[in-house]
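Engineer: Starting off with a structure, shown below.
The values are calculated or read from the model by the stated rules, or taken from the named source; none is laboratory data. Quick caveat, the model's predicted, so the values are computed rather than measured. In this analysis, Cβ positions are derived from the backbone assuming ideal geometry, glycine residues included, and neighbour counts consider all displayed protein chains.
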Amino acid sequence: MTRLNELQDELKRKELENKLRELELLQSELARRQDRQNEEASAGGLTKEQRQKVQRKVLGSCMRKLDGLVCEFARREARLNGERGRPSESENLPHPPILEEYTVAFCQVDEGGRELLESALAARRCAYVPYSQFKVGAAFRAKCGRIYTGCNIENAAFTTANCAERCALAKGISEGEMKYTAGAVVAYHPDGFTTPCGVCRQFIREFAYKDFPIYIAKAQPPEMEGSIPAIQDTDEVLVTSAYNLLPYSYSTFN
């Protein structure tokens, strides 16, 4: 076992040495490119300012590559020393821009978010849930501005049931709307918010070309169903997003 660990350490050291050689080669290549650019600029009759601009562009490109290799070298060296890296710094994971996630009172939600929540509440009334009695409503705004709504639809063969989120998106997709800017989900559970299930999160991600907000609110309990307003101004709303709900997601657009 000790011999195996020594061999692994040796392999890692050799890998680091290879990276150092790559850095040295890149520095040499940078110097050669600068010389070549100077010669080409002189032959082309460029002014001093133009030559400097070209040089800065080439230098910037090479420095970015060099910085990337230096960072990768530092990360690998840290791993060899037993340090844990941060996933946010890994080049093997996607790092798309992600919206902030927070909670806010319903009265503080923007007009577009309130409209989506109210649309989801209206769709929830049509939920077909004879087996669980658990109603869910969803609404998604397409890029064109139109809102598509859906409710959960249960079936005696449980696997053929359909969630509210997929029902809403399927409506829009079937009409040619492939891009969405916001969504909302409403249900009642005494213990807290009801967020999309794993299947729905992946379904939403498929059509999230970039991150968009998803508003989550609690509906009134069954004994208060039909009360007005359906959501009180002081009720808490979770404002999450497609990428927050499914971090490091699998997507054909990665």
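Engineer: Against the definition (modelled with pLDDT under 95, touching a helix residue (DSSP H, G or I) at 6+ places or on another chain (Cβ under 8 Å) and over 24 Å from residue 163 (Cα atoms)), how does residue 80 come out, yes or no?
Structural biologist: Answer is yes for this residue.
Engineer: Could you check segment 90-116 and list, in sequence order, the residues that are within 22 Å of the chain's Cα centre (by Cα), loosely packed, with under 13 Cβ neighbours inside 10 Å and not in a loop (DSSP other than H, G, I, E, B)?
Structural biologist: Result: 102, 103.
For every residue, the table says whether it meets (1) at pLDDT 95 or above; (2) of a type outside the set (A, V, I, L, M, F, W, C).
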| site | (1), (2) |
| --- | --- |
| 143 | yes, yes |
| 152 | yes, yes |
| 159 | no, yes |
| 162 | yes, yes |
| 171 | yes, yes |
| 187 | yes, no |
| 195 | yes, yes |
| 204 | yes, no |
| 213 | yes, yes |
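Engineer: Turning to a different aspect of this structure: Give 174, 119 a once-over and let me know the one that is over 21 Å from the mean Cα position of the chain (by Cα) and over 20 Å from residue 242 (Cα atoms).
Structural biologist: 174
Engineer: If you don't mind, another one. Determine if segment 222-234 includes at least one residue that is free of Cβ contacts under 8 Å to residues at least 40 places away in the same chain and of a type in the set (A, V, I, L, M).
Structural biologist: yes
Engineer: Okay, next question. Could you say whether any residue in segment 129-143 is within 23 Å of residue 169 (Cα to Cα), assigned to a loop (DSSP other than H, G, I, E, B) and among the hydroxyl-bearing types (Ser, Thr, Tyr)?
Structural biologist: Within segment 129-143, one or more residues are within 23 Å of residue 169 (Cα to Cα), assigned to a loop (DSSP other than H, G, I, E, B) and among the hydroxyl-bearing types (Ser, Thr, Tyr).
Engineer: Would you pick out the residues in segment 70-103 that are polar (S, T, N, Q) and in contact with a strand residue (DSSP E or B) (Cβ under 8 Å, 6 or more places away or on another chain)?
Structural biologist: Result: 103, single match.
Engineer: Identify, from the list 204, 231, the residue that is assigned to a helix (DSSP H, G or I) and either surrounded by 21 or more Cβ atoms within 10 Å (Cβ to Cβ) or more than 13 Å from the chain's Cα centre (by Cα) (or both).
Structural biologist: Every option except 204 fails the conditions.
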